[in-house]
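Contents: one structure, followed by commentary.
The values are calculated or read from the model by the stated rules, or taken from the named source; none is laboratory data. The shown structure was predicted, so the numbers you read here are calculated from the model rather than taken from an experiment. Methodologically, a virtual Cβ is constructed for each residue, glycine included, from the backbone with ideal geometry; neighbour enumeration extends over all protein chains shown. We work out accessible area using only protein heavy atoms, side chains counted, and drop any ligands, DNA or RNA first. Shrake-Rupley method; radii C 1.70, N 1.55, O 1.52, S 1.80 Å.
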Amino acid sequence: MPSIPVVSANDSLLKVVACLERDGAVVVNDVIDRAVRDSILRELAPHLEIVDPDASINKAYEADGGTSDFYPGRTKRITALVARSETFRTFVTHPLMLAACDAILKPNCVHYQVHATAALKIGPGAREQVLHREEDPYQFFKVPRPHMIVASMWAITDFTEANGGTHIVPGSHLWPADRRARPDEVVAAEMPAGSVLLWMGGTLHGAGANRTDDWRYGVFLSYSLGWIRQEENQYVDVPYDIARTLSKEVRDLVGYKMHMGIGYCDVSVRSGRGEKR
Ligand SMILES: O=C(O)CCC(=O)C(=O)O
């Protein structure tokens, strides 16, 4: 039976990275304590409260070339977490994430960047999500190709097989593009609140179905090579007025930094003095 390796936050970062590279996913226990989870809950509550879990976002996604029925419904999803949560910014610079990105992304870029952020509350009755890869939008580059993305899910509540724990297909980051996963190759990531699940951009995954009466609450954070287009438009979701209040480390990671000349801008436009030189 395939499985997802589980390590502790006290294990070496080298061990975490080795598991991730070998199995395509790893669960790290005890990364964020109760106080941190409470801060996330408090900071994101006003934004999640107003989301209708039954509002379908599939139509917009399909119109842009995505698969229909990609989003399972009965789910509250918000993005722009760097702008919305001070606590989330500590996830972005967490040594665990930076170690994984240094090892997996740094060989193919000068620096990496935040790729996408989301809070995902999966409600009772949500169906399972279509298995997919974070790197699907980049399939114009055929496999095998350099690793482009590292993703993570931070458990704010317990994740179980029954409540929608993320489905992972261990080892699938090494598969040819056309190999489909058999049902017995799909594993639900079960982890107590406070754990983080990491997976590779090439690993097949998707949200599980929620057959319980509780909401499964996770926070998603991914990173990509600094020279590809980010999945979440960080310059819209973290506009300059907010970006300038962030630490330089977070601001750079969000993308307010050039990558070998890519990403230049004219600051005089931003300051409203762009008409005349
Ligand atoms: O919620 C999850 O466990 C995974 C979500 C996901 O992969 C997605 O929405 O693309």
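Some values worked out for this structure:
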| item | result |
| --- | --- |
| Test result for THR157, open to solvent by 10 Å² or more (accessible area, probe 1.4 Å), among the hydroxyl-bearing types (Ser, Thr, Tyr) and over 30 Å from LYS257 (Cβ atoms) | yes |
| Test for GLY274: is it modelled with pLDDT under 95 and of a type in the set (Gly, Ala, Ser) | yes |
| Candidates ALA35, ALA18, ALA63, filtered to the one that is away from the ligand (no atom under 16 Å from the Cβ), modelled with pLDDT under 95 and surrounded by fewer than 19 Cβ atoms within 10 Å (Cβ to Cβ) | ALA63 |
| Residues that are open to solvent by 20 Å² or more (accessible area, probe 1.4 Å), of a type in the set (A, V, I, L, M) and in contact with a Leu (Cβ under 7 Å, 6 or more places away or on another chain), drawn from segment 160-185 | ALA181 |
| Cβ-Cβ under 7 Å pairs, at least 6 apart or on other chains, segment 169-190 side modelled with pLDDT of 95 or more and assigned to a loop (DSSP other than H, G, I, E, B), far side more than 16 Å from the ligand (Cβ to nearest atom) and of a type in the set (Asp, Glu) | VAL169/GLU185; PRO170/ASP23; GLY171/ASP23 |
| Contacts under 8 angstrom Cβ, first residue in segment 111-134 being open to solvent by 10 Å² or more (accessible area, probe 1.4 Å) and more than 12 Å from the ligand (Cβ to nearest atom), partner of a type in the set (D, E, K, R) and outside any loop (DSSP other than H, G, I, E, B), 6 or more apart | HIS111/ASP252; TYR112/LYS106 |
| Any chance ASP38 is in a helix (DSSP H, G or I) and of a type in the set (D, E, K, R) | yes |
| Verdict on GLY164 being within 13 Å of the ligand (Cβ to nearest atom), assigned to a loop (DSSP other than H, G, I, E, B) and not charged (D, E, K, R) | yes |
| Contacts under 6 angstrom Cβ, first residue in segment 83-104 being part of a helix (DSSP H, G or I), partner modelled with pLDDT under 95, 6 or more apart | none |
| Spans of helices (runs of 4 or more DSSP H) in segment 218-269 with at least 2 residues in contact with a helix residue (DSSP H, G or I) (Cβ under 6 Å, 6 or more places away or on another chain) and open to solvent by less than 20 Å² (accessible area, probe 1.4 Å) | 248-254 |
| Meets criteria (among the small types (Gly, Ala, Ser), under 24 Å from MET97 (Cβ atoms), buried (at least 20 other Cβ atoms within 10 Å of the Cβ) and more than 10 Å from the ligand (Cβ to nearest atom)) for SER195 | yes |
